[in-house]
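The values are calculated or read from the model by the stated rules, or taken from the named source; none is laboratory data. These numbers come from a predicted model, not from an experiment. Glycine gets a Cβ as well: all are built from the backbone with ideal geometry, and neighbour counts include every protein chain shown.
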């Protein structure tokens, strides 16, 4: 009887921890991408990905709207643009590479910018 009660408590705690991880991990993933975007991309691409960031107005060519520039582009293409810069995908060399981002950060950022472009 003590073993059954212990097993039930252990199972309940394990299930609660698993559910908590699911709810914590998803927003953290999104938050990381939003934070990275705010720190690294907003100054040129703008908060909504419209190419209207404050530094973007001084660039030639100007950053494009993600809704236009990402249309038909694969996740791999977007990831390559992020990690290798614009010249890595035949776009403007003005966009710098962000090669220091982890694979998970790049994937999260790809999802984030695609959302901005939709």
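List the residue pairs whose Cβ atoms are under 6 Å apart, where the first residue sits in region 93-115 and is touching a residue at least 12 places away in the same chain (Cβ under 8 Å), the second is in a helix (DSSP H, G or I) and loosely packed, with under 15 Cβ neighbours inside 10 Å, and the two are 6 or more positions apart or on different chains.
110/75
Conditions tested, residue by residue: (1) modelled with pLDDT under 95; (2) under 21 Å from the mean Cα position of the chain (by Cα).
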site: 28; (1), (2): yes, yes
site: 41; (1), (2): no, yes
site: 50; (1), (2): no, yes
site: 57; (1), (2): yes, no
site: 73; (1), (2): no, yes
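Quick one: which residue in 69, 43, 64 is closer than 13 Å to residue 95 by Cα and buried (at least 16 other Cβ atoms within 10 Å of the Cβ)?
On the way: 69 fails: closer than 13 Å to residue 95 by Cα; 43 fails: buried (at least 16 other Cβ atoms within 10 Å of the Cβ).
Of 69, 43, 64, the one residue that is closer than 13 Å to residue 95 by Cα and buried (at least 16 other Cβ atoms within 10 Å of the Cβ) is 64.
Only residues that are surrounded by 15 or more Cβ atoms within 10 Å (Cβ to Cβ) and in a helix (DSSP H, G or I): list them for region 91-106, please.
Across region 91-106, the qualifying residues are 105, 106.
Conditions tested, residue by residue: (1) modelled with pLDDT under 95; (2) out of contact with any strand residue (DSSP E or B) (no Cβ under 8 Å at 6 or more places or on another chain); (3) surrounded by 14 or more Cβ atoms within 10 Å (Cβ to Cβ); (4) not in a helix (DSSP H, G or I).
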| position | (1), (2), (3), (4) |
| --- | --- |
| 11 | yes, yes, no, no |
| 17 | yes, yes, no, no |
| 47 | no, yes, no, yes |
| 53 | no, yes, yes, yes |
| 78 | no, yes, yes, no |
| 87 | no, yes, yes, no |
| 108 | no, yes, yes, no |
| 111 | no, yes, yes, no |
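Any residue in region 60-82 that is in contact (Cβ under 8 Å) with a residue 40 or more places away in the chain sitting within a Cβ distance under 7 Å of a residue that is part of a helix (DSSP H, G or I) and surrounded by fewer than 17 Cβ atoms within 10 Å (Cβ to Cβ)? List the pairs, counting only those 6 or more apart or interchain.
As it stands, the answer is 70/114, since those pairs meet every condition given.
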